[in-house]
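The values are calculated or read from the model by the stated rules, or taken from the named source; none is laboratory data. All values derive from a computational prediction rather than experimental measurement. Note: ideal-geometry Cβ built from the backbone for every residue, glycine included; neighbour counts use all protein chains shown. What goes into the accessible areas is simple: the full protein's heavy atoms, side chains included, and nothing from ligands, DNA or RNA. Shrake-Rupley method; radii C 1.70, N 1.55, O 1.52, S 1.80 Å.
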Amino acid sequence: MVTVLDTVSAKPRPRHPEKAHRPDQEVLRKPEWIRVKAPTSKGYLETREIVKSNNLVTVCEEAGCPNIGECWDKKHATFMIMGEICTRACAFCNVATGIPGPLDPNEPANVARAVREMGLTHVVVTSVDRDDLKDGGAQHFVDVIHAIRETSPETTIEILTPDFLRKDGALEGVVAARPDVFNHNLETVPSKYLTVRPGARYFHSIRLLQRVKELDPSIFTKSGIMVGLGEERNEVQQLMDDLRSADVDFITIGQYLQPTRKHHPVKKFVTPEEFKSYETIAYTKGFLMVSSSPLTRSSHHAGDDFTRLRAAREARLSAARTA
């Protein structure tokens, strides 16, 4: 008997197999303040060509970021290393879930080349979760950092890492590579973790950010959350306190947008006025930098924010010296 494998007419693998049988969720109509234009500019097309020619993946595309047109027009892109398939299945995320392939040994050099070609003064590097790897991909982050430093020594580097849960020694190796900014997102308040971010642990993430400061106080730390997932206002304020207890410098707060009907629903579109209120509260709690708006994302305006962040630290240190 001969078995024929049909690779032509067979249905492609679903992007989110773990969500395929979930009931469709209601999709709320977006208010005017959250809408953006489709990307069509020359700068956008040039950035896309640089990304594709270097065989790279960006979180801008994979996560369906609403700011991609603005950022790519300015030749700003957030590189997503270690492939485009994540080992986790967060209810909010549009990155594909499944079994990832092997790491690309050429990726660090490819990222470094793209950074040089795009003339980036500040670069953001993130990744999928790679729970299948012994170190969670920590060494790959290190290799990318070193490659960028070698080809573009003046470029400042911001990394947005997974939580390295149960990966002993992984964090220490990444911190030793001395990125300028270490970002790890909490994503939501602890009461929503079981439904929104089930593979993660809230207090592990807090501890990870705290540990970065213990290992190297000179590295800026950063974390971000989405609102509109059903959280209460007092929960957001408690989360701010938790981050400050870990000496985190920078918090970002943005509106959650539902990628598909199979993802977690938007419970509320938070108004610009409410975002401004969160910003005011966060500054009173001691953050050096706060970015809080409907379209705020972790790497949106990251280069400009880094300049402001560095200036804010210097101003605080100067004030302390003269006090």
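Brief remarks on what is shown
- Per principal axis, descending, Cα span of the chain in whole Å: 86, 46, 44
- For region 235-247, 3J(HN,Hα) per residue [Karplus equation, 6.51 cos²θ - 1.76 cosθ + 1.60, θ = phi - 60°, Hz, x = Gly/Pro]: 5, 5, 5, 5, 4, 4, 4, 5, 5, 5, 5, 8, 6
- Sequence ranges 115-128, 144-157, ranked by mean other-Cβ count within 10 angstrom, highest first: 115-128, 144-157
- When you filter the chymotrypsin sites (Phe, Trp or Tyr not before Pro) in region 100-192 for DSSP loop state and at most 10 other Cβ atoms inside 10 Å of their Cβ, nothing is left.
- Solvent-accessible area per residue, Å², over the chain with all protein chains present [probe radius 1.4 Å]: 49
- Kirkwood hydrodynamic radius (C-alpha pairs) into Stokes-Einstein, region 180-323, 4 °C and 1.567 mPa s, D in µm²/s: 82
- Residue-span extension gain [LYS276 to ALA20] - 0.36 nm each, minus C-alpha spacing: 88.5 nm
- Size of region 138-186: Rg and Dmax of its alpha carbons, in Å, are 10.9, 34.
- Carbon/sulfur fraction of accessible area - the chain, other protein chains in place, 1.4 Å, %: 54
- Computed about its Cα centre, the charge dipole of region 251-323 is approximately 260 debye, with only Lys, Arg, Asp and Glu carrying charge at their Cβ.
- Principal axis extents of the Cα atoms in region 93-164, from largest to smallest and rounded to whole angstrom, are 35, 24, 19.
- Placing dummy labels 7 Å off each Cα toward the beta-carbon, the span from LEU45 to GLU32 is 3.2 nm.
- The calculated Kirkwood hydrodynamic radius for region 209-252 is 11.2 Å, given to one decimal from all distinct C-alpha pairs.
- Debye intensity ratio I(q)/I(0), log10, region 116-240, q values 0.20 Å⁻¹ (C-alpha model): -1.14
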